[in-house]
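Encoded as structure tokens, the structure appears first; notes follow it.
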């Protein structure tokens, strides 16, 4: 397996949304799904392969609310080895 193997989770968000709503969707639809079982099935790994969730890397996400106000939210993406 290459060290640059990725699993992508596609999150569909409304174009205009509230930052608090985004945080809830993010926790439920993205972060809550990153489990050992999810990684193993996504990469077709057996239970004998060791996995470790080893932190996150942060990125800025820009959101527009229903009043066309722009928000910048910093979110962490889970990484694993």
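Assorted remarks:
- As a length-normalised measure over Cα pairs under 8 Å and 6 or more apart, the relative contact order of the stretch 19-80 settles at 32 percent.
- Annotation for residue 64 and residue 48: the two label points, set 7 Å from Cα along the Cα-Cβ direction, are 5.3 nm apart.
- Net length gained if the chain between residue 40 and residue 23 were fully extended (0.36 nm per residue, minus Cα distance): 3.5 nm
- Cβ crowding within 10 Å, taken as a proxy for footprinting-reagent exposure, orders 40, 72 from fewest neighbours to most as 72, 40.
Every read-out reported here was derived from the displayed coordinates using simple, explicitly stated rules and does not represent laboratory data. Treat the numbers as computed from the prediction; the structure is a model and nothing was measured. Here the Cβ is made from the backbone with ideal geometry for all residues, glycine too, and neighbour counts use every protein chain on show.
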